[in-house]
Amino acid sequence: MQHIPPLWLSPESHLGRSAPDHPILYFSPRVLHEVARRFQSGFPGLVTYAVKANPHPAVLSNLVAAGISAFDVASPAEMEAVRAASPGAVMHYNNPMRSAAEIAAGIEHGVASWSVDELSELEKLDAVPRTCEIAVRFALPVAGAAYDFGSKFGAAPTEAVELLKQVAARGWSPALCFHPGTQCEDEAAWVEYIHAAKKIVDDSGVQIARLNVGGGFAANRNGAAPDLEKVFAAIEMAAAQAFGAEQPTLICEPGRAMVSESFTLAARIKGMRNGGAVVFLNDGIYGGLVDIRDMGLPGRVEVVSARGKHRAGKRRPRVVFGPTCDSLDRLPDGLPLPCDAMAGDYVLFPGLGAYSSAMSTQFNGYGLSDVVTVIELAGQPAS
């Protein structure tokens, strides 16, 4: 008989009853469904999901249930994960650097859309069926993101013109794609990219059926939810202004913004030093907190006692180390925790659905392994 794991009311209710001594990710399918509906109702085109953000089977299956039918994949392993969740899902392979074995896997898995950013990589795709779409990925020196993806991938606009001509001449369905960079909070980045896409189309003389405006949509970092609808409206207006009656179908591929809010990470305080000024957790940058190292301290952190009750003392900044023996296992200094926090308490990090379990290692025997499903993610104490 299949074992069905329990559905808990909240992280607090689980912590107060179970008192786990390892880090746990709490997942709310309800929240994930709500975010998926927000993208589907607000974005003026096809919404796909960037699997790299969180490939957990529960995430993929719930997105399929929420109506997401297309996925951005970057490896054969991600293709297999998508196929397990939805055998009929459409896959876009937008990692433009691939080995021969990876190309063969993409063909075998029926990838519908591929991206390229240089001619030598296009030539490697000769076996890809001509019924497929190939999107030329281009990059601009545009500000607004936490960090830029253009330093690794993306052709310059002049190179994109020639690539687009080659895609059309070789018989594939031509398209364009770009990525404004992670945690992009300025809609002007998308606007500039869309107008640049129109110039590439004009200079090449190649009509495109679709334009992929990438991911990069910001997630909630400091308590103020990003205005995604403002970004959606800017994208829609820019596409209409740039392309007019010849506007291509728009595609987006959110990862971080889609999945972040549906998870909260709980890490336990192992011990303290210097009167509580230095805190040691049972998770760190080699585990589920790796993204904090690069993105900075979050503005929303709560501390819960071993009985599931919130600590309410005045907050003060702390130095926080992870559990491993590596001194680099340290969060950016100044994490504000309540003054009454103590060893055995749990620190709750909301909004850690993206790049937590996906990037967690098992260094020194630590790391994420458990995902607990909850109805709500905050504010429900243990009874």
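The values are calculated or read from the model by the stated rules, or taken from the named source; none is laboratory data. Computed from a predicted model, the values in this text were never measured in an experiment. Methodologically, a virtual Cβ is constructed for each residue, glycine included, from the backbone with ideal geometry; neighbour enumeration extends over all protein chains shown.
Within the range 47-69, the set of residues being of a type in the set (Gly, Ala, Ser) and touching a residue at least 40 places away in the same chain (Cβ under 8 Å) comprises Ala50, Ala53, Ala58.
Could you check, for the range 284-304, whether at least one of its residues is touching a residue at least 12 places away in the same chain (Cβ under 8 Å), within 22 Å of Leu9 (Cα to Cα) and surrounded by fewer than 19 Cβ atoms within 10 Å (Cβ to Cβ)?
So the first thing to find is which residues in the range 284-304 are touching a residue at least 12 places away in the same chain (Cβ under 8 Å), and the list is 284-304.
Keeping just the survivors that are within 22 Å of Leu9 (Cα to Cα) gives 300-304.
Filter again for surrounded by fewer than 19 Cβ atoms within 10 Å (Cβ to Cβ), leaving 300-301.
Taking every residue of the range 284-304 in turn, at least one turns out to be touching a residue at least 12 places away in the same chain (Cβ under 8 Å), within 22 Å of Leu9 (Cα to Cα) and surrounded by fewer than 19 Cβ atoms within 10 Å (Cβ to Cβ).
Within the bounds of the range 276-285, is there any residue that is modelled with pLDDT under 95, out of contact with any Leu (no Cβ under 8 Å at 6 or more places or on another chain), farther than 30 Å from Gly67 by Cβ and assigned to a loop (DSSP other than H, G, I, E, B)? No, that holds for no residue. When the range 305-314 is filtered for residues that are surrounded by fewer than 16 Cβ atoms within 10 Å (Cβ to Cβ) and either outside the structural domain of Gly353 (by TED's automatic domain parsing) or free of Cβ contacts under 8 Å to residues at least 60 places away in the same chain (or both), the ones remaining, listed by number, are Ala312, Gly313, Lys314.
Note on the range 255-308: among residues that are in contact with a Pro (Cβ under 6 Å, 6 or more places away or on another chain) and not small (Gly, Ala, Ser), the one that is nearest to Ala225 (Cα to Cα) is Arg300. With a requirement of 1 or more residues that are surrounded by fewer than 24 Cβ atoms within 10 Å (Cβ to Cβ), the helices (runs of 4 or more DSSP H) lying completely within the range 154-273 that satisfy it span 157-169, 188-204, 228-243. List pairs: first in the range 170-192 and in the same structural domain as Asn95 (by TED's automatic domain parsing) and closer than 22 Å to Gly205 by Cβ, second of a type in the set (Phe, Trp, Tyr) and crowded, with 21+ Cβ neighbours inside 10 Å, Cβ under 9 Å, 6+ apart or cross-chain? Sorted first by the residue in the range 170-192, then by its partner, the pairs are Trp172/Trp114; Leu176/Phe138; Cys177/Phe138; Phe178/Phe138; Phe178/Trp190; Phe178/Tyr193. Would you check if Ala354 is among the hydrophobic types (A, V, I, L, M, F, W, C), crowded, with 22+ Cβ neighbours inside 10 Å and part of a loop (DSSP other than H, G, I, E, B)? So Ala354 passes the test. Is there a residue in the range 137-147 that is basic (Lys, Arg), modelled with pLDDT of 95 or more and either farther than 17 Å from Gln247 by Cβ or surrounded by fewer than 21 Cβ atoms within 10 Å (Cβ to Cβ) (or both)? Yes, that holds for at least one residue.
The single condition from (1) over 30 Å from Phe263 (Cβ atoms); (2) within 17 Å of the chain's Cα centre (by Cα) that Gly215 fails is (1).
Say we look at the range 99-121 and pick out the residues that are within 21 Å of the chain's Cα centre (by Cα) and free of Cβ contacts under 8 Å to residues at least 60 places away in the same chain; which of these is farthest from Ala156 (Cα to Cα)?
Filtering the range 99-121 for residues within 21 Å of the chain's Cα centre (by Cα) gives 111, 113-115.
With free of Cβ contacts under 8 Å to residues at least 60 places away in the same chain added as a condition, the list becomes 111, 114.
Numbers: Val111: 25, Trp114: 18 Å.
Applying the filter and picking the extreme gives Val111.
Okay, residues lined up against (1) in contact with a Phe, Trp or Tyr (Cβ under 7 Å, 6 or more places away or on another chain); (2) among the small types (Gly, Ala, Ser):
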| site | (1), (2) |
| --- | --- |
| Val35 | no, no |
| Leu46 | no, no |
| Val59 | no, no |
| Ala65 | no, yes |
| Val82 | yes, no |
| Ala85 | no, yes |
| Gly88 | no, yes |
